[in-house]
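Engineer: Sharing a structure below in structure tokens format, with a few things to ask.
The numbers here are math on the coordinates, done by the rules we state, and not lab data. All figures in this text were calculated on a predicted structure; none of them were measured in a lab. Don't worry about glycine lacking a Cβ; one is built from the backbone with ideal geometry, like all the others, and counts go over all protein chains shown.
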Amino acid sequence: MSRYKDLIIEWEEKVRGIDDYLKWISDAENVSEVVAHVVDHLDLKYETDISHVIDVVSEDWTEFWSNYP
């Protein structure tokens, strides 16, 4: 379990380490736009990598927009 947790933390750091990541979340119309930006920015090709990005972005999207009623 520890190796998987380390992998998730690594992906969170990669995604959240992008300079204007939070701006993408606040400006995008939906989660798919942010995912597309991150995938392009990180030049990802594999579905497993992209699925990790989807998980991180979805979590951040929900957290960000839950602050607005």
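Engineer: Taking a virtual spin label 7 Å from the Cα of residue 64 along the C-beta vector, which residues in region 26-44 bring their backbone nitrogen under 16 Å of it?
Structural biologist: From region 26-44, the list is 26-42.
Engineer: Under the rule of -39500 (n - 2.57) per DSSP H run of 4 or more residues, summed and divided by the residues of the chain, what mean residue ellipticity at 222 nm is obtained, to the nearest 500 deg cm²/dmol?
Structural biologist: -24500 deg cm²/dmol
Engineer: Another question, if that's okay. Using the crude model of +1 on Lys and Arg Cβ and -1 on Asp and Glu Cβ, and no other charge, please compute the dipole size for the chain relative to its Cα centre, in debye to 20.
Structural biologist: With Lys and Arg at +1 and Asp and Glu at -1, about 180 debye.
Engineer: So for the pair residue 3, residue 44, with labels modelled 7 Å out along Cα→Cβ, what separation do we get in nm?
Structural biologist: A separation of 2.1 nm, rounded to one decimal place.
Engineer: Could you name the lysines whose alpha carbon sits less than 26 Å from that of residue 23, not counting residues in the same chain fewer than 8 places away?
Structural biologist: 14, 45
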